[in-house]
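Working notes, beginning with the structure itself.
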Amino acid sequence: MTQDLIAVLFGDPFAVMNTIGLVAFALVGSSKAIRERFDLFGIAVVGLAMAFAGGMTRDIFVARVPLALQSPLEIALGLLGVGLAIALSVVLNSPDEHPITLVSDAIGLAAFATTGAIVATETGVSAFGVVAIATINAAGGGAVADILLDRSPFILLEDFYASCAVLGGSAYWLAETVGATEGTAAAACAAVTLATRLVAVSYDWRLPTAQKLGSLRN
């Protein structure tokens, strides 16, 4: 059984990216809840919501039973991320702002943009569908977590976040279009998403608001 699991994880791009994304996003969501002083149940709820909401929405769009409802391993990976966040909160001040969490968020975004693009492509949707589902898979969990935390989803504000998934999903579609293998397309999607997000964090990239565009005219 262990050998079969290893074969799946290292031979299937979807399984690899899904595993990474679940752990990373559960850690990030839980860290946000810890900052807001949620109790352990609340921490788990927010962490698992961030880990699973995007993927469940993706699966509903392609008319299949969400993986989170099919496999106990999915829940176990999410709980692993929750546990890691709690452990970090014990040894770090402001774990939600620590580089470990910020990088985990970027990694989770890249991983889930890739799983969304893979599923969308296998379903046979259009180019727009591939990019849209990749973006929803990547950013949907964070939006739900923010709602649970009683604040406006930050992906709808100025931060350059969901845009990274749009670029990654586009890279996946382009790679598939020119005949690249699924593994190569997945690597391209993950690399583009991760790189743009890390650069955006480093240089504080933000999309302009309508008010800022108006101020340029004045």
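The values are calculated or read from the model by the stated rules, or taken from the named source; none is laboratory data. Since we're looking at a predicted model, the values are computed, not measured. Methodologically, a virtual Cβ is constructed for each residue, glycine included, from the backbone with ideal geometry; neighbour enumeration extends over all protein chains shown. Heavy atoms of the whole protein, side chains included, go into the accessibility calculation; ligands, DNA and RNA do not. Shrake-Rupley method; radii C 1.70, N 1.55, O 1.52, S 1.80 Å.
What to note about this one:
- For the range 126-156, the candidate set comprises residues that are part of a loop (DSSP other than H, G, I, E, B) and without any contact (Cβ under 8 Å) to a residue 60 or more places away in the chain; within that set, the residue that is most open to solvent (accessible area, probe 1.4 Å) is Asp150.
- On inspection, Leu198 does not qualify as out of contact with any strand residue (DSSP E or B) (no Cβ under 8 Å at 6 or more places or on another chain), assigned to a helix (DSSP H, G or I) and open to solvent by 80 Å² or more (accessible area, probe 1.4 Å).
- Filter result (without any contact (Cβ under 8 Å) to a residue 24 or more places away in the chain and part of a loop (DSSP other than H, G, I, E, B)) within the range 201-218: Asp204, Asn218
- Pair list, Cβ < 8 Å and 6+ apart or interchain, from the range 54-74 residues that are in a helix (DSSP H, G or I) to residues that are open to solvent by less than 20 Å² (accessible area, probe 1.4 Å) and among the β-branched types (Val, Ile, Thr): Gly55/Thr115; Arg58/Thr115; Arg58/Val119; Arg58/Ile133; Asp59/Val119; Phe61/Ile133
- When the range 170-186 is filtered for residues that are under 15 Å from Pro13 (Cβ atoms) and without any contact (Cβ under 8 Å) to a residue 40 or more places away in the chain, the ones remaining, listed by number, are Ala171, Ala175, Ala180, Thr181, Thr184.
- Any hit, the range 157-173, residues being part of a helix (DSSP H, G or I), at pLDDT below 95, farther than 13 Å from Ala106 by Cα and out of contact with any Lys or Arg (no Cβ under 6 Å at 6 or more places or on another chain): no
- Flag if Leu207 is in contact with a strand residue (DSSP E or B) (Cβ under 9 Å, 6 or more places away or on another chain) and either of a type outside the set (A, V, I, L, M, F, W, C) or surrounded by fewer than 21 Cβ atoms within 10 Å (Cβ to Cβ) (or both): yes
- Residue within the range 3-16 that is surrounded by 16 or more Cβ atoms within 10 Å (Cβ to Cβ), among the aliphatic types (A, V, I, L, M) and either closer than 20 Å to Leu198 by Cβ or touching a residue at least 12 places away in the same chain (Cβ under 8 Å) (or both) present: yes
- Residues located in the range 32-53, provided they are open to solvent by less than 50 Å² (accessible area, probe 1.4 Å) and part of a loop (DSSP other than H, G, I, E, B): none
- The lone exception for Val178 - which of (1) loosely packed, with under 11 Cβ neighbours inside 10 Å; (2) under 21 Å from Ala143 (Cβ atoms); (3) at pLDDT 95 or above it fails: (2)
- Total residues in the range 91-125, condition in a helix (DSSP H, G or I) and open to solvent by 60 Å² or more (accessible area, probe 1.4 Å): 9
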